[in-house]
Amino acid sequence: MGRTLDDIQFLANSDNRVQVLNTLTGGAASRRDLQDATGVPRSTTARILDDAESRGWVKSEGSRYWITPMGEAMVTEFRKYLAAMEGIRHLGPAIDWLPEPVWKLEFQYLREAKVTKPTGDNPTAHFDRAMDYFRGSDSYRGLTQNSLPEYMKTIHDRVVEGELNFEGVIEASFIEVLSNDPERAALWQDIADQMLVYNGHVPLNMHIVDGTVLIWLCDENQAGDDVLVKGLLESAHPNVISWAESLYEDYRSDAEPLKSAAVSSG
């Protein structure tokens, strides 16, 4: 492990080293070319190239330098590591509230994710943010354990008016809740043909609205089954969208159509 840590430290201790070696992944170059491309002083560039060459990461002939397959692999993987660290640091405390399926995502894809949390001035900021999407989107697919009445009312009205292309997968255990609530059940009956029921546990509440993924961040109450919603994560990163669509389809493929009678009250 000592040699491995030394290689990591070689890159981690100098932004200039990463810049110079990363530039070489684009093709062979002279020291002057590298200086012009990176802004790293020529003497520093020369030292970096000599050190990298001694490690077998760079080769040279005359005034031309090129990166070896080993060097390119080292730099590429190190950049991925940096991106992952940036994603983790960007999320901050919110990382503690990520639902289990989200941990299968590479954190580098969450570097620009937006996290909306309640504030002293607006304790419902995260709920308001989601409502803005539900009111303004053209398409919606949801993978949910349950749904707040005000969200369902907004979605229901827009679907009935033909304003929203809608489909959702809901956890089966929630159907019993609906059957005991006539007002809420009526809303779901109207759009039952666009809902599916998953007979098992849905591990997160996630919405795909237009080109954005919304994920609820929750802190489970250790004293019971209550879940405290801590915030809303949103991302339009292509890899996050691809992950969310794949996850949705996994549950959708094992779900069954919701029958209107299943949510009837009485």
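In table form, for the structure just shown:
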item	result
Gain upon complete extension [Ala186, Asp210; 0.36 nm per residue less C-alpha separation]	6.0 nm
Unit charges on C-beta of K, R, D, E only; dipole of segment 44-197, Debye	820
Extreme residue, positive dipole direction of the chain, given options Pro69, His156, Ser173 (C-beta unit charges)	Pro69
Count of Lys pairs (Cα-Cα under 25 Å; at least 8 positions apart or interchain) in the chain	11
Ordering of 119-128, 5-14 by packing [mean C-beta count within 10 Å, highest first]	5-14, 119-128
Solvent exposure of segment 11-132 as accessible area per residue, Å², 1.4 Å probe	57
Selection from Met131, Ile215, Tyr81 lying farthest towards where the dipole of the chain points positive, charges on Cβ	Tyr81
Relative packing of peptides 48-59, 204-215 - highest average C-beta neighbours within 10 Å first	204-215, 48-59
Fraction of beta bridges assigned by DSSP in the chain that are antiparallel (%, nearest 5)	70
Within the accessible area of the chain (1.4 Å probe), percent carbon and sulfur	46
The chain, relative contact order in percent, only Cα pairs under 8 angstrom and at least six apart counted	17
Total charge dipole magnitude, the chain, about the Cα centre, Cβ charges on Lys, Arg, Asp, Glu only, Debye to nearest 20	1440
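The values are calculated or read from the model by the stated rules, or taken from the named source; none is laboratory data. Treat the numbers as computed from the prediction; the structure is a model and nothing was measured. Heads up, the Cβs are rebuilt from the backbone with ideal geometry, glycines too, and the neighbour counts pull from every protein chain shown. Each accessible area value is taken on the protein alone, full model and side chains, heavy atoms only, with ligands, DNA and RNA left out. Shrake-Rupley method; radii C 1.70, N 1.55, O 1.52, S 1.80 Å.
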